[in-house]
């Protein structure tokens, strides 16, 4: 299908992008890699009257050492994250999960900030951010604020970002030497996950997050509580479906997704050496 007609404006800086957002509000959308937004526009699921192109803002493309965390610019491409030695050293779960995003074309164009702002429960990065206890820096007309991953996702394809705000940085706590694993089942390599799991143990606690098992990216709190109570990986994994509301579609039924969640969580916990 052809998208609804829209105006196009290219921002030359972060400040200009924020100014344009303030001017157009919820009638506008930010365009970065475009892999999520453009298909939605073609399907008439999104119909902004103004597209604000931020794809050339090099100031938001970086990976730096922030001391106790890794700071990643919102427009950093997936491929840069996948191959970064700094991320491999201090946030290996993120590097590994990123290598499973889409295909090489997607990873060379898609951005981390765009994936998180899109808030798709079927995407890999939101769950990985949850498992790593990450956060995002959000800029808007009132300045900057930091939003924890647990507070970022609000509903189906909906984040807690205001229409006049944008993600400018992602912060991932360092987790060198900790247990972690990422599991994903999909029909084809470039497909979204039928079900996926990100798991990481750091600072004495384990966080497990699921892909495509709820209307939002979500932590598997029943699994985490079972582990904290002394359950084995196999025992805790049996709780993977608890509290989840997976959908039924052409790829899988609700029951199959629940089964996959239990299987993949057990594999992830075992491979990570957790419990």
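In region 200-237, how many residues are in a loop (DSSP other than H, G, I, E, B), without any contact (Cβ under 8 Å) to a residue 60 or more places away in the chain and in contact with a strand residue (DSSP E or B) (Cβ under 9 Å, 6 or more places away or on another chain)?
Keep residues of region 200-237 that are in a loop (DSSP other than H, G, I, E, B), which gives 203-204, 212-217, 220, 229-232.
Narrowing the set further to residues that are without any contact (Cβ under 8 Å) to a residue 60 or more places away in the chain leaves 203-204, 220, 229-232.
Subset that is in contact with a strand residue (DSSP E or B) (Cβ under 9 Å, 6 or more places away or on another chain): 203, 220.
Summing the residues that are in a loop (DSSP other than H, G, I, E, B), without any contact (Cβ under 8 Å) to a residue 60 or more places away in the chain and in contact with a strand residue (DSSP E or B) (Cβ under 9 Å, 6 or more places away or on another chain) in region 200-237 gives 2.
Of the candidates 150, 164, the single residue that is at pLDDT 95 or above and within 14 Å of the chain's Cα centre (by Cα) is 150. Confirm whether residue 125 is closer than 27 Å to residue 40 by Cα, outside the structural domain of residue 207 (by TED's automatic domain parsing), crowded, with 23+ Cβ neighbours inside 10 Å and touching a residue at least 24 places away in the same chain (Cβ under 8 Å). In short, yes.
Of all the numbered requirements in (1) surrounded by fewer than 20 Cβ atoms within 10 Å (Cβ to Cβ); (2) assigned to a helix (DSSP H, G or I); (3) touching a residue at least 12 places away in the same chain (Cβ under 8 Å), residue 23 misses one, and that requirement is (3).
Taking region 72-120 as the search range and keeping residues that are part of a strand (DSSP E or B) and in contact with a helix residue (DSSP H, G or I) (Cβ under 7 Å, 6 or more places away or on another chain), which one is surrounded by the fewest Cβ atoms within 10 Å (Cβ to Cβ)? Among those residues, the one meeting the criterion is 77.
Could you list, in sequence order, all residues of region 12-47 that are in contact with a helix residue (DSSP H, G or I) (Cβ under 8 Å, 6 or more places away or on another chain) and closer than 24 Å to residue 105 by Cβ? First the steps, then the outcome.
Of the residues in region 12-47, the ones in contact with a helix residue (DSSP H, G or I) (Cβ under 8 Å, 6 or more places away or on another chain) are 13-14, 28-37, 46-47.
29, 30, 31, 32, 33, 34, 35, 36, 37, 46, listed by residue number.
Taking residue 185 and the conditions (1) within 30 Å of residue 59 (Cβ to Cβ); (2) touching a helix residue (DSSP H, G or I) at 6+ places or on another chain (Cβ under 9 Å), which numbered condition does it fall short on, given that it satisfies the others? Exception for residue 185: condition (1). The residues of region 26-37 that are in a helix (DSSP H, G or I) and within 18 Å of the chain's Cα centre (by Cα) amount to a single one, 37. Only residues that are farther than 26 Å from residue 89 by Cα, in contact (Cβ under 8 Å) with a residue 24 or more places away in the chain and assigned to a loop (DSSP other than H, G, I, E, B): list them for region 154-189, please. Correct list: 156, 157, 161, 163, 164, 165, 187. Screening residue 15 with (1) exposed (fewer than 15 other Cβ atoms within 10 Å of the Cβ); (2) modelled with pLDDT under 95 gives one miss only, at (2).
So, of the residues in region 26-55 that are in contact with a strand residue (DSSP E or B) (Cβ under 7 Å, 6 or more places away or on another chain) and under 30 Å from residue 90 (Cβ atoms), which turns out to be surrounded by the most Cβ atoms within 10 Å (Cβ to Cβ)? This residue is 32. With respect to (1) assigned to a loop (DSSP other than H, G, I, E, B); (2) modelled with pLDDT of 95 or more; (3) farther than 22 Å from residue 155 by Cα, the lone exception for residue 269 is condition (1).
The values are calculated or read from the model by the stated rules, or taken from the named source; none is laboratory data. From a predicted model like this one, the values you see are computed outputs, not experimental measurements. Note: ideal-geometry Cβ built from the backbone for every residue, glycine included; neighbour counts use all protein chains shown.
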